[in-house]
Each structure stands twice: as structure tokens, then as C-alpha cells.
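All remarks here apply to the structure that follows.
The values are calculated or read from the model by the stated rules, or taken from the named source; none is laboratory data. Please read all numbers here as calculations on a predicted model, not as lab measurements. Virtual Cβ from ideal backbone geometry, glycine too; neighbours counted across all protein chains shown. These accessible areas exclude ligands, DNA and RNA; they are computed on the full protein's heavy atoms, side chains included. Shrake-Rupley method; radii C 1.70, N 1.55, O 1.52, S 1.80 Å.
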Amino acid sequence: MTGLLLWRRCGRSQLGGAAAHYEMSRQSTFTAAVATLLGATLGGLFLWRSIYAQKRKALKVPKDTCQLPVERLGPLELSSTVVHHSQDLTPLSLPETPKYVSVPSIEKLLAVPAVVVSSTDEFEKHWPLFQKDLDVFPVLGLDCEWVKSMRVSIKGKACAVSLLQMATYSGRCMLVRLLPFRDTQLPLPNGLVQVLRDARVLKVGVGCYEDGKRLASDHGLALVCTVDLRYLALRQRNAVLNNGLSLKSLAADLLNVTLDKSLELRCSNWEAENLSWEQMSYAARDAQISVSLFLYLSELYSEPCLLSENETDFSKLAGHCQGLVDVPFRWRNEGDEGERRRRCRRSTVDSPESGDQQVPDPRRNKRKPLGVGYSARKSPLYDNCFLHAPDGQPLCTCDKKKAKWYLDKGIGELVSEEPFIVRLLFEPSGRPDSQKDYYLTAKENLCVVCGKAESYIRKNIVPHEYRRHFPTEMKDHNSHDILLLCTSCHAASNVYDGFLKQQLADEFSAPQGCEEGVKMLEDSDRRRVRSTARALLSANDSMPATRREELLSVVHAYFCNEGDEEEEDSLTEGRLHTAANLETRIFNEGYVPHGLKVVQVYAERGLRGLIELERRWRQHFLSSMQPKFLPPLWSVDHNHEKYLRKYGENLLVTLT
């Protein structure tokens, strides 16, 4: 009996242990399930927050938006006191959603007919369609035509640009006849003026920078944001350029398109009342081929263009043109070919347009590597050496060469090597007003706009063409307005400087590059006599008698008008040689440089007027370039109070 009870108790204890074990196992499973569910929930929440944060970050404009300096546009109102540094740019508007842009084929692009515009009404009729194209791809193929032969020119002198060709990415082309506007003294269409000076619309072509100079000289048009296609072609290592760098050669080598560049068409009468179909086709093709070459060299023909969420249409195109905006095409040729071209060089009047010239490939030049027209400094600008007065007061910073000059002359003693400090052994002519002076601060050798620490050059904030005419008191020992910029920022700054120069030219009737601003003029009469005499000497007896008599009368009449009594009866061979070597350039008595004329107008208000001009250029630099790394204490009003206190408002301004 006792054994049976013991067996029952043992059985019960075992069953109780199993039940307890089963209960504990069920609780552990439930706990693990809850923990797993909770972990999955937390993981999902964390993943959702990460994705949400990435999307918000993608919608924000990155701090470094300076892929191309020319994109930093818009006024920036800063106080006229000391400039404070700020690493954050003003937030821009949110970009559009990603979009695909398809580029038409070259065949379709060239098949679009051109429209001819001779009045403002005609321009306004077609311009909205061009604006729609520019909203998609802000790029214009551009070219100019003018009479290139003295025989065809009605006025007998260097001819003004007659025709301006513009083509969009779709092939839509407009031929603007400029002379009707000038002859009737009517203003050019505002849309045309604005798009040519718009820094967010690329103007591409061969020799378009030079075309811009002619447009400014002949019609007062400012052309900015130009890109020479020859530079883009040279950047393409895989591009096969067998025939040179002219527009015709690039079209043949890269697009497999043949352009008609016959002399008859190029030198036809572009001033004619009605252009022929051949002329219109020739002119339109040049602009359409230019934009086609840009799209090809930018690799936009290979696949549809995708614009990302934080990318603009302009930045997509400008990214292919880093360092090439508004840079004149320069090349250097050696050997017999260069000598041949120097011998065959013609004047601007008689030469064909720059886009038609057969320019050799600069990549073959071994002596000078291909650049973009800017030569960076080979040494730092700031050595940050210090000069101290005899009593130890800091006077200014200077370069090491100047500091060592005082030591070599025995008029200074070395105080320390690092930093390099020289104490003068004589009393200086002046001392800084306070220890918070611009010239006492150490400066970094980097671009003041983007902070790049290499390939920088000096930038004159007040251009030299104005500063050179300032009185001595305002330009001696003044390095405040010389800052460091990298080559690309320097090029962009020059574009904006062109805006202000054109504005000053309009305000004060001081045009740039026109006859009034040319020191030497070409005398057409002397040129005609010289050409006639050379023709007589080179022809010898092969010239018909009637033609010879006609040319002799031209030379004879010139010497008679000059009061040469010896030539009234006969014309000797010696006189022919004299006529063949005539100097055809004469001094322009009405020559007034653009910079001098502007400074003269401001100088009429005395010292305050010149201070206003200086402040205007400094503020222009701040507003256009938005520099983030200016030296401490740099100010738009630097030294102005000092000038007024030292010289007074009634200072007699003597321009140099």
C-alpha cells in the first residue's frame, strides 16, 4: 500500500513538472512573437523615416550650386559697411519634376524653314514659338552676315552686320535683318535685345565671340554667354577632325553634312532689299548647323535627355561648357603653315567671317598646351609678411620680396621668420588709423567666390580702363580692389562686367568700340590709292592701256590734291612706289576712350562723384558674383571716409 501511494505521488509530481514546463514554453513563444512583431514595427518605422528624410533632402538645393559661375544670378543687396561672411546661399525656388526631353534628328532640324524678320511686328509674331523652345533647351545657334567685299558695299567702308541668324534646338530659325532698324532709326525688338544679353541662354557657333564684338560696335547689342564650338570639338578626344575647325569642316567631320561655302554666296550682297532663296538657305544652315553641332558634342543625340529633380535646363547644357563661356578662340600655329597664313592675312573688312576660316587643329601644337584663354598665377599673391613701425606698431602686410628689400637696404631688421616680420628703422610716412584695418589682415590664396585654391588669377574689381584715369590719390597703394578668382569665376565675372559697361555706355553716351572710341581710322582714299599703285607696279605691261590710264589718273589726282606741283604733268615710277607704301591709317581727332569719358562725367561732381563710381563697381561685383570667401574687412566703402577727411569734398580732381 505504501509503495502504491509513493508511485502515485511520483506520477503526480512528474505530470505537474511537465505542465509547468509546457506553460513556460508557451509564454516564451508568445514573448518571442511579440518581440518579433515589435522589432518589425520599429524597423519599418525607421525605414520609412529614412526614405522620407532622403526625399526631403533631394528637394533641397545643395549648398554648392556653382557648377558654372555664370548660373549665380540675381541681385544681392548688401550693406555698404564691412562685408560679413555667410556660407549659406539664399534658397532658390524648388525645381521642376524630372522630365525627358527628346532632340529631333539632324535631318528634321535642317528641314525646318527659316523666317525673315525686318520689323518689330514681324519679330513679335514669331518670337513666342522661339521662347517655348528656349524654355526646353536654352541654347541658340548664332551667326552673322555682312558685306565682305568693298566692291559690293554701298558705303565704301567697313560694312555693318546686315543679318543675324538664330536657331533653336528644334531647328526653328529666324533671320533678323538689322539694317532696316538702323536706317529708320527704330529701336530693335526688346525680346531680341534681352535674349542676346541673357546669361542663362547659351549662344553657340564658330567665332560667335567675335560676332558679338561686331554686334556691339555696329548696333549697340550686348552678346553674352557665347561658346565657341571649336573648343567643344577639341575637348572630344574621340572626335575625328580631318579638315580643320571651320564650321564647314566640323559639319562634314562630325555630322556628315556638306555646307555650301562658295565665295559667291559668302561675299554676296547681304544688304540687298530682297534676299535670294540661296542666301536665306545659306544663312539659316549656318545657325542650324551650329546648334546641331552643340547638341552632338554635348552627346544629346545619343539618348533622350533626362533632367533630375535638382537640375535646371541651363545647368544641364552649361555643364558641358565649363571654362568656355565668353572666351575668344585662340590658337597658335607653327611652321610653314603659320608663315603662309601671316602672309595671306587680310584686313577685317576684306576677310571672310571667322567661322569660315580653315583653322588648324591646336592640339597639334607641341609648345603650348591648349587652354581657354586664361593664364593662372604660378605663385601665391599673398605672402602675409608684416611691416612694423620702429615702436612695434603693425603697419601693413606685404609680399616677401618687398619685406626683404627693406632688409637688403639696411633700413629694416628681421623680427621673426614665422610669421615673417620686419621692423622699419625709420618713421613711416603714415600709420593705420586703427588696428582693425584691411591692410593688417592676413589673406588666403583662394578664389573669393567659390573657394578654389588653385588656378587663380587677379581680378580688378574696378576695371583698369576706368581706374587708370582716377586721380593719383585714389589709385596709389590701393590693393583693396584686387582679389583672387579662379579662371572660371573670372570668366563669369567678365560677362557681368560687360553688362555694367554697356549700361554706363548707354547712360553717358560713351559707346564701346565705335568710331569715337577708335584711336586710328582707316582712310579709304589712301587705301584706294595704295591698292591702285600696287596694281600698276605688279601688272607691268600686261595691263590694257585704257585700264592703265584709268588707274594712273587715280594716283595722279591724289598727288595733285596733296598740293604736289611736280606731279601735275607726269607720274614717275618713284611716285608710284611712294603711293604703294602709303600709310592708310590716320589719327582720329575725335578719339575719346570709353573709360575716360565715363570717369569725366563722374568727376564733374568732384571727389564724391568718383567715390560713387568706385562704390558702384564694388557693389556690382558683390551682387553679380556673390563671393563667399572675401577677405575680412573688405568693404564697398573702403577708404571713402578717409578721402573726404584728408582731401575734402572740394578737392580739385585732376584726371590722368
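When 173, 225 are screened for being touching a strand residue (DSSP E or B) at 6+ places or on another chain (Cβ under 8 Å), under 28 Å from residue 489 (Cα atoms) and buried (at least 23 other Cβ atoms within 10 Å of the Cβ), only 225 passes.
The residues listed here are 420, 426; of these, the one that is at pLDDT 90 or above and within 40 Å of the chain's Cα centre (by Cα) is 420. Could you name every one of the helices (runs of 4 or more DSSP H) located completely within the stretch 114-203 that has at least 1 residues being out of contact with any Ser or Thr (no Cβ under 9 Å at 6 or more places or on another chain) and modelled with pLDDT under 90? Result: 120-136, 179-183. Which pairs do you get when a residue that is in contact (Cβ under 8 Å) with a residue 60 or more places away in the chain and aliphatic (A, V, I, L, M), found in the stretch 599-613, comes within reach of a residue that is open to solvent by 80 Å² or more (accessible area, probe 1.4 Å) and part of a helix (DSSP H, G or I), reach meaning Cβ atoms under 9 angstrom, with the pair 6+ apart or on two chains? Listed pairs, sorted by first residue: 601/507. Scanning the stretch 119-143 for residues that are within 20 Å of residue 206 (Cβ to Cβ) and touching a strand residue (DSSP E or B) at 6+ places or on another chain (Cβ under 6 Å) yields 139, 140, 141, 142, 143.
Just so you know, in the stretch 406-421 the residues that are among the hydrophobic types (A, V, I, L, M, F, W, C) and assigned to a loop (DSSP other than H, G, I, E, B) include one that is most open to solvent (accessible area, probe 1.4 Å), and it is 411.
Taking the stretch 254-280 as the range and being open to solvent by 40 Å² or more (accessible area, probe 1.4 Å) and under 22 Å from residue 109 (Cα atoms) as the test, the residues that pass are 256, 258, 260, 276, 277, 278, 280. Might you let me know whether the stretch 589-612 holds any residue that is of a type outside the set (S, T, N, Q), more than 29 Å from the chain's Cα centre (by Cα), surrounded by fewer than 18 Cβ atoms within 10 Å (Cβ to Cβ) and closer than 30 Å to residue 523 by Cβ? There is at least one residue in the stretch 589-612 that is of a type outside the set (S, T, N, Q), more than 29 Å from the chain's Cα centre (by Cα), surrounded by fewer than 18 Cβ atoms within 10 Å (Cβ to Cβ) and closer than 30 Å to residue 523 by Cβ. Of all the numbered requirements in (1) touching a residue at least 60 places away in the same chain (Cβ under 8 Å); (2) touching a strand residue (DSSP E or B) at 6+ places or on another chain (Cβ under 7 Å); (3) part of a loop (DSSP other than H, G, I, E, B); (4) more than 25 Å from residue 393 (Cα to Cα), residue 470 misses one, and that requirement is (2). When the stretch 276-303 is limited to residues that are farther than 15 Å from residue 174 by Cβ and of a type in the set (D, E, K, R), the one that is modelled with the highest pLDDT turns out to be 278. Within the stretch 447-467, residues that are farther than 17 Å from residue 626 by Cα sit with their Cβ atoms under 9 Å from residues that are acidic (Asp, Glu), at 6+ positions apart or across chains, in these pairs: 453/444; 463/497; 466/614; 467/481; 467/614. Does the stretch 243-259 hold any residues that are touching a helix residue (DSSP H, G or I) at 6+ places or on another chain (Cβ under 9 Å) and without any contact (Cβ under 8 Å) to a residue 24 or more places away in the chain, and which are they? 253, 256, 258 - these are the residues of the stretch 243-259 that are touching a helix residue (DSSP H, G or I) at 6+ places or on another chain (Cβ under 9 Å) and without any contact (Cβ under 8 Å) to a residue 24 or more places away in the chain.
Summed over the stretch 617-656, residues that are open to solvent by less than 70 Å² (accessible area, probe 1.4 Å), free of Cβ contacts under 8 Å to residues at least 60 places away in the same chain and in a loop (DSSP other than H, G, I, E, B) total 1. Looking across 443, 452, 459, 400, one residue alone is more than 30 Å from residue 323 (Cα to Cα) and either surrounded by 15 or more Cβ atoms within 10 Å (Cβ to Cβ) or out of contact with any Ser or Thr (no Cβ under 9 Å at 6 or more places or on another chain) (or both). It is 400. Here residue 256 meets the list (1) over 29 Å from the mean Cα position of the chain (by Cα); (2) of a type outside the set (Ser, Thr, Tyr); (3) modelled with pLDDT under 80 almost entirely, failing just condition (3).
If only residues of the stretch 466-490 that are under 10 Å from the mean Cα position of the chain (by Cα) and open to solvent by 10 Å² or more (accessible area, probe 1.4 Å) are counted, the one that is farthest from residue 437 (Cα to Cα) is 488.
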